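Colleague: Would you mind keeping the following structure in view while I ask a few things?
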Amino acid sequence: MRKASVMMDRDFAIGKTDARLFGAFVEHVGRCVYGGIYEPGHPTADERGFRQDVLELVKELGPTIMRYPGGNFVSGYNWEDGVGPVETRPKRLDLAWFTKEPNTFGTNEFVEWCHAAGIEPMLAVNLGTRSGDAARNLVEYCNHPGGTTWSDLRREHGWEKPHGIKFWCLGNEMDGPWQMEYKTATQYGLVAKEAAKMMRWIDPTIELAACGSSGRNMPTFGRWEDEVLEHTFEHAEYISLHTYLNNYAGDTGGFLASPDIMDMFIDEVVAIADGVAARRRSPRRIMLSFDEWNVWYRTRRSRADRVKEGWPIGPAILEEIYNVEDALAFGGAVISLLNHADRVKAACLAQLVNAIAPIMTETEGPAWRQTIFWPFAQMSRLGRGSVLRTRVESETYSATYYDPRGTQDLYFPLPEISYLKVSAVADDAGGLSLFLLNRDLSQEVDVDLEVRNFGRLSVVEATELRHDNLKAINTKERPDNVEPVSLREVAVDGGKVRATLQPASWTVVKLAAN
Ligand code: AHR
């Protein structure tokens, strides 16, 4: 058995978690919308076509903000196609996923769905095939009270009150050649700046996120952020980051180490953003919107997994089936996000249903939770509060991480990886949540945690997510095969907490003040 120790003090906090850190993402891709959140005719669907079984699972998952409608899709989207009488909405070819878009679900339905789910909507505008003009019209349609063509059109469409959308993404992954009309950093920076100006002139209360790099492995990473922020620094509150962790190499140790690359990525983007501020002698701090993150690799590289021939509507693409080791790597990403609560103010799990998602459905059938559902739900439920600085003493291991770009092989050097990865969140009621990942595949870790300045604590809940088979999955037939179970080996004594973590496990402990 390995030994590890962790020390923290209630007075030493990194920052408060923003409610938007617990977001997710609905794109018009595969069966995320059609056959996912929206399936008229499904036995549980309401009169609007919203699947209630999915809605119940979404509420349990607990996302707080939802990004829409893409993703790659948004870079060719005409938002006007998705509003007004459904019978007259055009069908279009979508060149992001090579599908037919029926437009029976659009902005208003999405906002309505968010209300039903109790979630804040986040909209992305098309800065690929379109630019500032379409973006400002969408802001006017959504947020202006009335008395203009666009705002009155919304009222005519049945939404008398403005939607009041606060968070807007200035395009999506505009650094990526796979994007419709991708751009150089200078081209994008200029377009984003002009769009931002006009959008904010219509509604000064909105918050804007400029596109950062679509991955740390992009050749333009670093220079992209610097140049984009040079143009948008005064016009955007956020710069975005995207990461999909992978296990292409079939190396579990490297895979579980990979969330530490998210930590580096965040630190690097913060440094670049603050470097731009420094050049301007500006006290302004650009925050980070990690608006796509997840594990994704099985259905990513082969065209057959991404594209079904014949331009179908809502095909079963990107339907990644998540196993236990995916949930562990995902848990590591949760810890990385929590531990940067001072600068990462929004984050979106990509995505929500069916396409690389925590929730799976069968069209006309049931819905169930994938393995990654659990760390996300626990993060959202127990991660609210002040994230504490932790001093972790743990043995380490060496790992390599393979993160290919296109056909190019890229191996990323990693620092020594601590077997134990930890986040600690103090809540406003004097309690504490601990998130612990044991990355040792064969040994238990006995952890001693010294928690200073908390008074008397007691265990409210303690669970572990693990399985003898790291490849175990949940299915329609066995939806509860992988789920958190009660952790027996946890004890609290004054300011000391002791827990024994199973090999390759994700543990969550909630302590309350007595
Ligand atoms: O989430 C799937 C895709 O991944 C998104 O459409 C795109 O933004 C990213 O490349």
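Colleague: If you count, for each residue, the other Cβ atoms within 10 Å and average over each peptide, how do 368-375, 297-304, 52-59 line up from highest to lowest? Don't jump to the answer; show the numbers that get you there.
Modeller: Working: 368-375: 24.1, 297-304: 13.8, 52-59: 18.6.
Final packing ranking: 368-375, 52-59, 297-304.
Colleague: Give the long-range amide H neighbours of Phe221: residues separated by 5 or more places, or on another chain, with amide H under 5 Å away, using H modelled in the peptide plane at 1.01 Å from N.
Modeller: For Phe221, whose amide H was placed from the backbone, there are no distant partners under 5 Å.
Colleague: Which value at 222 nm does the chain reach when only helices count, each DSSP H run of 4 or more adding -39,500 (n - 2.57), with the total divided by all residues and rounded to the nearest 500 deg cm²/dmol? Don't skip to the answer; put the middle values down first.
Modeller: Values: 11 runs with 125 residues, N = 514.
One gets -7500 deg cm²/dmol as the mean residue ellipticity at 222 nm.
Colleague: Another question, if that's okay. Taking the Cα-to-Cβ direction at Glu416 and at Ser486 and moving 7 Å from each Cα, how far apart do the two end points lie in nm?
Modeller: 3.9
Colleague: Between Glu444 and Lys496, 0.36 nm times their residue separation minus their Cα-Cα distance comes to what? Can you show the working numbers first?
Modeller: Details: separation 52, 0.36 × 52 = 18.72 nm, distance 1.91 nm.
Extra length from Glu444 to Lys496 when fully extended: 16.8 nm.
Colleague: May I pose another question? If you place +1 on the Cβ of every Lys and Arg and -1 on the Cβ of every Asp and Glu, how big does the dipole about the Cα centre of the chain come out, in debye to the nearest 20?
Modeller: Details: 57 positive and 72 negative charges, 130 e Å.
It works out to roughly 620 debye.
Colleague: If you don't mind, another one. Which percent, to the nearest 5, of DSSP beta bridges fully inside the chain are antiparallel? Don't skip to the answer; put the middle values down first.
Modeller: Details: 57 of 96 bridges.
Antiparallel bridges make up about 60 percent of those DSSP assigns within the chain.
Colleague: So, by mean Cβ neighbours within 10 angstrom, what's the order for 485-497, 379-391 with the highest one leading? Intermediate results must be reported in sequence, preceding the final value.
Modeller: Working: 485-497: 14.6, 379-391: 20.4.
Listed from highest to lowest mean packing, they are 379-391, 485-497.
Colleague: Right, next: Could you work out how much longer the chain between Thr184 and Glu477 gets when fully extended? Use 0.36 nm per residue separation minus the Cα distance between them, nm to one decimal.
Modeller: That pair, Thr184 and Glu477, stretches by 100.7 nm at full extension.
FYI, it's all coordinate maths here, none of it is from the lab. Since the model is a prediction, treat every value here as computed from it, not as a measurement. Positions of Cβ are generated from backbone atoms using ideal geometry, with glycine treated the same way; all protein chains shown enter the neighbour counts.
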